[in-house]
Structures are given as structure tokens and as C-alpha cells.
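The values are calculated or read from the model by the stated rules, or taken from the named source; none is laboratory data. In this text, all values refer to a predicted model and were calculated from it rather than measured experimentally. Cβ coordinates were reconstructed from backbone atoms using ideal geometry, including for glycine residues, and neighbour counts include every protein chain displayed.
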Amino acid sequence: MTAQTPSPRLNLVGADRAQVAAVLADIDPRPYRIEQVYHWVTRRLVASIEDMSNLSKPLRAALSERAMIQDPGIVETVHAPDGTLKLALVHRDGSVVEAVVMPMEGHVTVCLSVQTGCAVGCVFCVTGALGPGRNLTGAEIFGQYRAILRSTGLAGQPLNLVFMGMGEPLLNLEGLERALELLADTVSPRRITVSTSGIVPGLRRLAALPRRPNLAVSLNATTQAQRARLMPAAARWPLDELLDALHAYPLERGRRITVEYVLLAGINDSPDDARRLPVLLRGLPVKVNLIPLNPDPQFLPGLQAPDEERINAFAATLAAAHMNVTVRWSKGREVAAACGQLRGRLVPTPG
Ligand code: SF4
């Protein structure tokens, strides 16, 4: 007689209602019970089945035999003097990703990762320098959110979420869409922003979602040749095609697309660039975020931020062209808070 292998327990983080119903089938299949268990995970963000306090002890015990709650573990937390919190999280397969919690005026913004690396290879980005990684599942992305909210005590507070950490969200649409579904119980899509390097097919798919998040596009160039140098994989879609997709992106009344422009000294910060940018964006409801590079001699050798005078001149040219423009210094510069920097320090680079 061979011993039967026990079936693996279902991780309730990321499970849909049908999966919750399946684990409850022989212990308590009532619809309200399924909703209760589902909401303990998606709304109350509990860390364990033991914390589901309106379930009887025997039911929690039976459920624990069939299911579990597992989020990524937080392996490093770094505080910056400006209040930014940078976290490194490890997933079950050992991959490390990062997330950032940024206090802003009147609210907190949480930045999540969608991949364990990035194949787009933007020359100004440490994650790009670290190379490609795997897609995170929707459950893993949602798990980051759950783990962060619990560890920071932010659960229940209004916050904004940005998909602006490691990876390109529109190259992981499956994970992104599932994470958006799981987040729908606690965060309004108006408080969620997806930031893309400009993956046009992904933009079209995002545009078709019934509950669309806000959109940010990392542009960083005013000519196709410059974009191909700075963002090689994203430049596969020509600038014209990207702008067409942005014009077609459905926006609710009063909403704007955020255009991010990382300023690199001597590369994309010229007066000509500043004059071309408003021409390119003409007719689009946008706000432009100018982001002076967060330099990193180890991972981004040879790249510098422009000096303040040049940054201000660039911003002034945009403002004179009636553009809504802000200069956003990378939060938590002192603690490697630019995308990929903490992970880059924790995980040795191959080769
Ligand atoms: S900026 Fe975004 S898209 Fe570009 S390499 Fe970094 S993570 Fe990837």
C-alpha cells in the first residue's frame, strides 16, 4: 500500500470565490461563509486563518488543513529622512522585489512591483540594468500590498497605489489585471496609477478595461532615435504609434495622463527637447513630471542629473507653452529608492 500524498494547501491570497468555495465545500459551503472567508483576505487583509475571528475554532482548524495565507516576506526595511520607506520583499521562489511607501501631501502613496526584473532595459533605470526577470502573479502583487499595509499599519487608510516599481506592468497584463481585480475591494481605480514605458498593445488592452486605472507614461525622449537609445525595447513601438494610443485612451472628465520625463544631463535636457515636448503632446490632456535622474555610479555609470538651472529652464519652457509641469525629485534618494536600487544592493548581479 502506498501512502497518499496530501494535496497542497490553497493559498487564499489571490484565490477567487470559486476556489474559496471549493476548499469550503465539505466543511461549510454556505454562500455567506464563502464571502466571509474571501473578504477576510481581500478586505481585512488578515495574516492568518487564525485571525478570521467570526469563524468558529473548529472551522478555522478545518480550513487550515486545506488552505493557508501566505504573502511575500519583508526582508529589509529602510527609512529615508524624508519619510520614504523602502521595502524588499521575498517571494516563495526566493525572488526579491521592492516596494516603496511615500508620504505625500495629505495621503500616502504605495509603489508596487510587477516583475522581478525588467526586459525593457531603460538606460537610466537600475532595474533595467539588472536585466529581465519573471512575471509576478496577481496573487504575488496583491500579497505585496497586503504585507506592506499590515507592516506599516496603513490598512484602512486612504492611499494611492502606483505600479511604478520593478518591471513593466503592460508586459505582465495577466498579473496586473488579476491584481487590479483583487484590489477592487479596497482601492478605487481612481486611486491606482499604472506606469508604462509605452507598450502600445498593452495600452490598448488597458484602455478596454471596464475599471480603468489612471495612466502614466514614461516618455523621456522627444525623438524616436533618442527614445530608441534610452528605452530600447519600448521604442519598438514608434513615437507616433504611442501618441496615437494615448490619444485613444479613454479618460474620465477632468482626468489627465501623467507623462514622466527623466532628465539626463547632456542627453535629453536641451532647450530643443524642451521646445519639442509640448509640440509632441499637443492636444493630449497631460501633466508632465520632470524627474531629475537619481544617479547611481554602480549601476548607471556615466549618467548624471542636469544642474538645477538647466532643470528649471526646461520646466520654464514647458510652462511657457502652457503645460501643466512639476519637477519631482526621486523620493528617498538617500536610501536607494529609485526603481531597483535596493534590490540591486541585496541581490548580487549575475556576471
Ligand atoms: S524604467 Fe520601468 S520599464 Fe524601464 S527598465 Fe526600469 S522598470 Fe523597466
For segment 146-158, what are the residues that are surrounded by fewer than 22 Cβ atoms within 10 Å (Cβ to Cβ) and closer than 29 Å to F124 by Cβ? A147, T152
Search result, residues across segment 98-110 that are touching a Lys or Arg at 6+ places or on another chain (Cβ under 9 Å), farther than 19 Å from L300 by Cα and touching a residue at least 40 places away in the same chain (Cβ under 8 Å): A99, V100, V101, M102, M104, H107, T109
Enumeration of residues in segment 221-234 that are touching a residue at least 12 places away in the same chain (Cβ under 8 Å) and either touching a strand residue (DSSP E or B) at 6+ places or on another chain (Cβ under 7 Å) or of a type outside the set (K, R) (or both): A221, T222, T223, Q224, Q226, L230, M231, P232, A233, A234
Residues that are within 16 Å of the ligand (Cβ to nearest atom), at least 3 per element: which helices (runs of 4 or more DSSP H) completely within segment 119-234 meet that? 126-130, 173-183, 200-207, 224-230
Looking at segment 67-76, is at least one residue over 21 Å from T152 (Cα atoms) and modelled with pLDDT of 95 or more? yes
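Okay, residues lined up against (1) in a loop (DSSP other than H, G, I, E, B); (2) aliphatic (A, V, I, L, M):
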| position | (1), (2) |
| --- | --- |
| A22 | no, yes |
| D28 | yes, no |
| Y38 | no, no |
| V41 | no, yes |
| V46 | yes, yes |
| P58 | no, no |
| L63 | no, yes |
| D71 | yes, no |
Is one or more of the residues making up segment 39-54 surrounded by 16 or more Cβ atoms within 10 Å (Cβ to Cβ) and under 30 Å from G131 (Cβ atoms)? no
When you look at A179, is it of a type outside the set (D, E), in contact with a helix residue (DSSP H, G or I) (Cβ under 7 Å, 6 or more places away or on another chain) and surrounded by fewer than 21 Cβ atoms within 10 Å (Cβ to Cβ), yes or no? no
Going through (1) over 16 Å from F142 (Cβ atoms); (2) assigned to a loop (DSSP other than H, G, I, E, B); (3) of a type outside the set (S, T, Y) one by one, R92 fails only at (1)
Whether any residue in segment 82-104 is within 16 Å of the ligand (Cβ to nearest atom) and in contact with a Phe, Trp or Tyr (Cβ under 7 Å, 6 or more places away or on another chain) is what I want to check. no
Is it the case that R205 is closer than 27 Å to P232 by Cβ, surrounded by fewer than 20 Cβ atoms within 10 Å (Cβ to Cβ) and not β-branched (V, I, T)? yes
